[in-house]
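Presented below is the structure to which this report refers.
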Amino acid sequence: MKWDKRGLLFEPDRHGLPVGCTDFAQSPQALVFDDFVRIYFSTREQDATGKYLSHVAFVDCDLELRKVLRVAPHPVVSLGGPGCFDEHGIFPMHVGRHENRVYGYTCGWSRRVAVSVETAIGLVLSDDEGRSFQRIGPGPILGPSLREPFLVGDPFVLVDGGRWDMWYIFGTRWLGTDPTDQNPDRVYKIAHAWSRDGVSWERDGICVIADRLGSDECQALPTVIRIEGLYHMIFCYRHATDFRQNRERGYRLGYACSADGLAWTRDDARVGIEVTPGAWDSDMQCYPHLVRCDGRVYLLYNGNEFGRYGFGVAVLSEPG
């Protein structure tokens, strides 16, 4: 693939955030309308103890993804109740239309004691064109299982006829057993599930993307598009440890292709986009999202510090 990078599209410090939110615009996910594009993202507020909570908001842009038109004044879905899987945040949320409703597949998270976090996948629905969403129930539709013991999240869903396909991640292990370690690192991989109704899912807990960095590679946020009969996936990956400050071990974008969406061939050299020295994405590129709009294919993604400074856009000039 060959991408033309345009730079930052949305910047929290410049364009503002919903009431109560202070930082970040992570994991941009697009919903295309006739005359604008609505891009959902996760942002943060601080609770009374100073800890972060993650909320989903949106920004509306023009069809060429060059100009911000408006920013949602409030988050679009409330957090879960005490003890629920999404009590402390939703990050990310993938959206799509089906039968005159907007479906939002959420990655809800809650704090833990021995480890920092647990996640699961939920479903919320909108009847007002994505301005607000309501849960189908208080629990997740996809959570830990016998072969996927924790950290189930990052859903991306495509619907083709009566079949729903989801690519998502699950955790394979937490690194380190020192009880004094307050922030043990984790390893997670990309898997696939399928459904006939978008609610009940079948899965086998098998990693579908080969490792490049070894068994401790972390793979996150798959996004999939069909071009000329092939499935193309872009995702982000990193080392499991020392990735926050060491730019050589931080997130980069990876690529894989498939004829059926099930068996994937990884070839990161074909992703066609690299970090830019001295720019907003000089240290990392993460949380990608592919969207087809007005005859073109765009890539939305975050850069340095996991999206603290907003998200950018690139436009596909040559397919893979």
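Observations on the structure shown:
- Residue identified as among the small types (Gly, Ala, Ser), more than 20 Å from residue 198 (Cβ to Cβ) and over 19 Å from the mean Cα position of the chain (by Cα) among 81, 89: 81
- Test: residue 64 is out of contact with any Pro (no Cβ under 8 Å at 6 or more places or on another chain), farther than 26 Å from residue 220 by Cα, at pLDDT below 95 and surrounded by fewer than 22 Cβ atoms within 10 Å (Cβ to Cβ): no
- Per the conditions (1) modelled with pLDDT under 95; (2) surrounded by 14 or more Cβ atoms within 10 Å (Cβ to Cβ); (3) not charged (D, E, K, R), the sole criterion not satisfied by residue 77 is (1).
- Residues within the range 271-320 that are touching a Phe, Trp or Tyr at 6+ places or on another chain (Cβ under 8 Å), part of a loop (DSSP other than H, G, I, E, B) and of a type in the set (Val, Ile, Thr), tallied: 2
- Matching entry among 162, 176, 214, 153 (being surrounded by fewer than 16 Cβ atoms within 10 Å (Cβ to Cβ) and under 29 Å from residue 39 (Cα atoms)): 162
- Entry remark, the range 32-43: residues being crowded, with 21+ Cβ neighbours inside 10 Å and not aromatic (Phe, Trp, Tyr) number 5 in total.
- Listed by position, the strands (runs of 3 or more DSSP E) contained in the range 129-220 that have at least 2 residues being over 27 Å from residue 77 (Cα atoms) and within 18 Å of the chain's Cα centre (by Cα) are 186-195.
- Condition check for residue 268: in contact with a Phe, Trp or Tyr (Cβ under 6 Å, 6 or more places away or on another chain) and either surrounded by fewer than 21 Cβ atoms within 10 Å (Cβ to Cβ) or of a type in the set (Val, Ile, Thr) (or both): yes
- Looking across the range 241-251, the residues that are surrounded by 15 or more Cβ atoms within 10 Å (Cβ to Cβ) and touching a Lys or Arg at 6+ places or on another chain (Cβ under 7 Å) come down to 243, 249, 250, 251.
- Residue within the range 252-259 that is small (Gly, Ala, Ser) and either assigned to a loop (DSSP other than H, G, I, E, B) or touching a Gly at 6+ places or on another chain (Cβ under 7 Å) (or both) present: yes
- Selection from the range 104-131 of residues that are at pLDDT 95 or above and farther than 16 Å from residue 86 by Cβ: 126, 127, 128, 129, 130, 131
- The set of residues in the range 125-150 that are polar (S, T, N, Q), out of contact with any Lys or Arg (no Cβ under 8 Å at 6 or more places or on another chain) and surrounded by 15 or more Cβ atoms within 10 Å (Cβ to Cβ) contains only 132.
- The range 89-113 residues that are under 17 Å from residue 27 (Cα atoms), paired with ones that are among the charged types (D, E, K, R) (beta carbon under 6 Å, 6 or more apart): 107/154; 108/86
The values are calculated or read from the model by the stated rules, or taken from the named source; none is laboratory data. This structure is a prediction, so every number in the text was calculated from the model and none was measured. Counting neighbours? That spans all protein chains shown, and the Cβs are built from the backbone with ideal geometry, glycine included.
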